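Let me begin by presenting the structure, written as C-alpha cells, before commenting on it.
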Amino acid sequence: MTTSPYLLTNRHSRYTTNIDSLLEPFRYFSGAIAVATIAGALCALIGIYVVLRGMSYIGHGLSHAIFGWAVVSFAGGLNFYVGAGIGGFVSTLMINGVARRKIVGADAAIGIVTTAVFALGVALVSRIGSFSRNFEAALFGNVLGVTSTDVLVVACVGVAVSATIFFRYRPLLFSTFDPEVADIVGRSVRSNDALLSFLLAATVVATMQVLGVTLIAAALVAPPATARLLTDRFSRMMVIAVGIGAVSGFLGVYGSYFLDIASGAAVVLTDSAFFLAAFIFTSDRVRKHWRSNRLRDREPQGADSSRA
Amino acid sequence: MTDELVRVRGATFRYSKEPALIDTDLTIGAGDFTGIVGPSGSGKTTLLKVLAGVLVPQVGTVYRADDLTTGYVPQVDRIDWYFPVTALEVVLMAADQKNIWPWSSRDAKKRAKHVFDELSIGNLADRHIRTLSGGEQQRVFIARALMGHPRLLLLDEPISGVDVATRHDVLHLLHDLNHTEGIAVVLTTHDLNGIAAHTHTLVCLNRSVIAAGDSREILTPQVLERTYGAPLDVLSHGGMPIVVDHVALSTDESTLEVHHEHR
C-alpha cells in the first residue's frame, strides 16, 4: 500500500509536500496556464462589444464558421491561422450582407452562414479522413496540446487587439452605443463594424485551440455579462470583464489538472461560476437582505430599550 | 433675408425601390425654428439626415453653408438605456474627434461642464442614463449635440412619447437656445398641436413638402388631409390653430371657434 503524500507525519514535510503539489501544474504546463489566462482576458475584452451590441449569438456561430474555414484552408494547404482568419472575417462580412436584407434578419443570417461553413468543414473531415492537425482539439479545446507557435499567436493577437481597442476606444464606444449619431458626426459605423469583425475573427482563431469551438462563445459572453451585473460604467466593465476572463482562464486550467477534466470546459465552468455568483450577489433579495443588516448594525445600541 | 444654412432643391431619395423623399424643397436659415410634421413613413427622419449631410439624395441638390456645424439628437426610443454609461460619458462621446486616447481632453471636459450648467443638468453628470427622467434624458442628448458649437440643431422626434411637462420643458429649452444663442432648430414630430405654437415655420411632409410656412396659415383641413390621408379639422384658440379629429369636432364644437375660412 502506498502512503499518500498528504498523510506524512512530519508537519514541515507535509507543508512542503502540499505546496509542491499545489505548484505541480506550473511545473508541467506553465505555458498552458499562461496561454489560457491571456485567451480568457482576450475573449472577455472583445466580448464586451459582442455583448453590448446584442451579438452574443455571433460569437457562437463565428467559432463554428472558423472551424469550417480552418479545415478548408488546411485541406487546401494554406496556413491554419491565415486561412481561418481570412475565412472568419469573410464570414462576418457575409453575415452583415445577408442581415442587411431585413426580410431575412440577423439571427437567421448568422445561423445560415456559420452552420453552412461548419458543415463544409465537417464534410471535408469525413471525406479526407485524417489530417496532420488534430481538429478534435479545435472542437473541444486542448490547452495542454498547444505548441509554442500557438502561444506566440495568442500573445501577439492579444497585444494587437488590446492596442487597437485602446486607441479606438472612443469611436468603438460611440458606434456601439449610438451608431446612428456616430455616423452623423463622422465616426464611420461601417468601418468600426468591420474593425470589430476582424478583431473578433482574429480572437476566435487564436484562442480556438485553447478553449475549443464549442465553448468559446461562453468565454466571449460570460465575463462581460458578469461585469455588466456588477457595474454601470463602461470603463469599469472593461476592467472587471478582462479580470474575470483572465482569472477564469488561470483557475480553469489550473483546476483542470487536479480535477482531471478538459481544460476548455474547466475555463467555461469557472466563467459560469463567476456569473452565477454575480447574479445572486446582485439579486434584489440579497441586496435587500444586506441593506437591512447594514441598517440594523448602524442602529444605536439600546434603541430598542429606549423605544420600549 | 437671413443667411441660408441649408438649401434643399428637388431632392429625391430612395433607400431601395420606394422613394422616401420625392422632389423636396426646403430652406433653413440662420436662427430659424422649424418643425417638420407628417405621418409615420413620410420621410421626416430622411429629410433630417439630408439636412445633416449624411444622406445625399439621388436626384436634386443640397447646399450647405461653409463650415456649418450641426448637432443631431436621435429618437431616444432607439437608445439602449441599460448601456453602461453615465450622462457625462454620453456627452463626452461627441467631443474630441481627433483625440486618440481613451480619456477626454481637459478642453472637452471644460466644454461639457459649461454645457451641463447651461442646460441646468450639472448635478446629473455622474448618474447612469437609465436613472434619469424623460426630460433629463432629452437634455443629456441635447447637451451632447451642443458639444460641437452647432449653428444648426436637428432633433428627431424629441417630444414623442413624453408627458406634457417634459414636452414643455424640452420645447422651452429649444426656444431658449434658438433665442439666446441664435442656433437654428429643426425638429420632427407627430405632435402638431404641441409644436404649432413654438415654431416660426411648420413643414407638412408626406414624402414631399405639402405646405411650409406659418402654422396659422398652412394648417388647414385640406393640407392636413393631403399630409395625413385622414380628415382632420382645425379649430382656433387664442389665435393658434388646434388640430382635432374630424369625429371629435362634432361632439364639442361649442367651446372653440371652428377655423372655417380655409374650408
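Over chain B, how many pairs of lysines fall under 30 Å by alpha carbon, counting only those 8 or more apart in sequence or from different chains? Lysine pairs, 8 or more places apart or on different chains, close enough: 9.
Of B:H237, B:H128, B:H168, the sequence from fewest to most neighbouring Cβ atoms within 10 angstrom is B:H237, B:H168, B:H128. Over 12 Å apart: what share of the alpha carbon pairs of segment B:135-185 falls there, rounded to a whole percent? Roughly 63 percent, rounded to a whole number.
Computed from Cα atoms, the angle from the helix B:164-180 axis to the main principal axis of chain B rounds to 70 degrees.
Considering only B:V203, B:V54, B:V115, the mean-square fluctuation computed in a Gaussian network model of chain B, springs between alpha carbons under 10 angstrom, is largest for B:V54.
What the pair-distance distribution of segment B:100-156 shows, using all Cα-Cα distances binned every 5 Å from zero, is 4, 17, 28, 24, 18, 9, 1 percent.
Please arrange B:K109, B:K98 by how many other C-beta atoms lie within 10 Å of their C-beta, fewest to most.
Details: B:K109 16, B:K98 5.
With the fewest neighbours first, B:K109, B:K98 line up as B:K98, B:K109.
Over all other residues within a Cβ to Cβ distance under 15 Å of A:L220, the charged ones net out to +1, with Lys and Arg as +1 and Asp and Glu as -1.
What's the local net charge at B:F33, with K and R +1, D and E -1, over the other residues with C-beta under 13 Å away?
Values: positive: none; negative: B:D32, B:D176, B:E181, B:D214.
Result for the local shell: -4.
Name the residue, out of B:A184, B:A165, B:A125, whose mean-square fluctuation peaks in a Gaussian network model built on chain B with Cα pairs under 10 Å. Highest fluctuation among the options: B:A165. Considering chain B, its Cα convex hull presents a mean projected area of 16.0 nm². Which residue, B:A212, B:A143, B:A94, has the most motion in a Gaussian network model of chain B that connects Cα atoms within less than 10 Å? Of B:A212, B:A143, B:A94, the Gaussian network model singles out B:A94 as fluctuating most.
Can you give me the pair-distance distribution of segment A:148-288, C-alpha pairs, 5 Å bins, whole percents? Percent of Cα pairs in each bin: 2, 10, 15, 19, 19, 15, 10, 7, 3, 1, 0.
Would you calculate a helix-derived [θ] at 222 nm for chain B, using -39,500 (n - 2.57) for each DSSP H run of n ≥ 4 and dividing by the full residue count, to the nearest 500?
Working: 9 runs with 82 residues, N = 263.
Estimated from H runs of four or more residues: -9000 deg cm²/dmol.
Report the far tail of the P(r) of segment B:1-132, meaning the percent of Cα-Cα pairs longer than 21 Å. Write down the numbers at each step before the final one.
On the way: 4918 of 8646 pairs.
When every Cα pair of segment B:1-132 is considered, 57 percent fall beyond 21 Å.
Can you tell me the alpha carbon radius of gyration of the protein assembly as shown divided by the globular rule-of-thumb value 2.2 N^0.38 Å? Provide the component values of the computation, followed by the final result.
Values: Rg = 30.2 Å, N = 571, 2.2 N^0.38 = 24.5 Å.
So the protein assembly as shown has a normalised radius of gyration of 1.23.
Could you put A:M208, A:M238 in order, starting from the residue whose Cβ has the fewest other Cβ atoms within 10 Å?
Numbers: A:M208 28, A:M238 22.
In increasing order of surrounding Cβ atoms, one gets A:M238, A:M208.
Using a 10 Å cut-off on Cβ to Cβ distances, tally the other chain neighbours for every residue of A:179-188 and report the average as a whole number. Don't jump to the answer; show the numbers that get you there.
On the way: counts 2, 9, 14, 2, 4, 13, 13, 2, 3, 0.
Mean number of neighbouring Cβ atoms from other chains: 6.
For chain B, the longest principal axis of the Cα atoms and the long axis of helix B:134-146 meet at an angle of about 70 degrees. Placing one equal scatterer on every Cα of segment A:169-235 and applying the Debye formula, the log10 ratio I(q)/I(0) at q = 0.12, 0.14, 0.20 Å⁻¹ is -0.42, -0.56, -0.94.
The numbers here are math on the coordinates, done by the rules we state, and not lab data. Quick caveat: nothing in here was measured; it's all calculated off a predicted structure. Here Cβ is always computed from backbone atoms with ideal geometry, including for glycine, and neighbour counts include all displayed protein chains.
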